[in-house]
Amino acid sequence: MLASPSPSPRSVLRAICAGADGYLLKSTLPDELLEQVRAVAAGGSTLTAGVARTVLELLRERTSAADTAGGDPSRLGLTAREQEVLRGLVRGLSYKLVARDLEIGVETVRSHIRSIYRKLQVHTATEAVARAVRERLV
């Protein structure tokens, strides 16, 4: 996991491609930082909202219409709730904020995310977000 005061799109992409499981801004508040470090330690991934926006912008720039695969999340077997959780990840929300928005527990969010990873054949939230955006699943 890396921390940066203000990431350039290139540095974010380099870090993710090098295997970073998260990318936080140095301005991340201590409580949020602790939560994000715990999430990564538990096998998750984390991006601050600003960094998630940067990643999404990069992906949108690099994704052409020819790269899309139709955009039907049901073809991958994603349930409606899994799609809602995935939308939260794409918006850059933490597991805690996804849980609050969907009025479910954090452990339920983690369960949905494990299922999303399996169905999308990815290992990190960053990969899930990238695939969701690339294939217009959300």
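The values are calculated or read from the model by the stated rules, or taken from the named source; none is laboratory data. Predicted model, so just to flag it, every value in this text is computed and none were measured. Cβ coordinates were reconstructed from backbone atoms using ideal geometry, including for glycine residues, and neighbour counts include every protein chain displayed.
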Inset, instruction - Output yes when any residue across the stretch 45-60 is over 17 Å from the mean Cα position of the chain (by Cα), at pLDDT below 85 and closer than 17 Å to Ala125 by Cβ, and no when none is. - result: no
Legend entry - Subset of the stretch 110-138 [in a helix (DSSP H, G or I) and β-branched (Val, Ile, Thr)]: Ile113, Ile116, Thr126, Val129, Val133
Inset, instruction - Would you confirm whether any residue within the stretch 98-120 is of a type in the set (D, E, K, R), over 14 Å from the mean Cα position of the chain (by Cα) and modelled with pLDDT under 90? - result: no
Inset, instruction - Confirm whether Ala20 is within 13 Å of the chain's Cα centre (by Cα) and part of a loop (DSSP other than H, G, I, E, B). - result: yes
Inset, instruction - Mind listing just one residue for me: the one in the stretch 29-53 that is without any contact (Cβ under 8 Å) to a residue 40 or more places away in the chain and surrounded by 17 or more Cβ atoms within 10 Å (Cβ to Cβ) and, of those, nearest to Leu89 (Cα to Cα)? - result: Val40
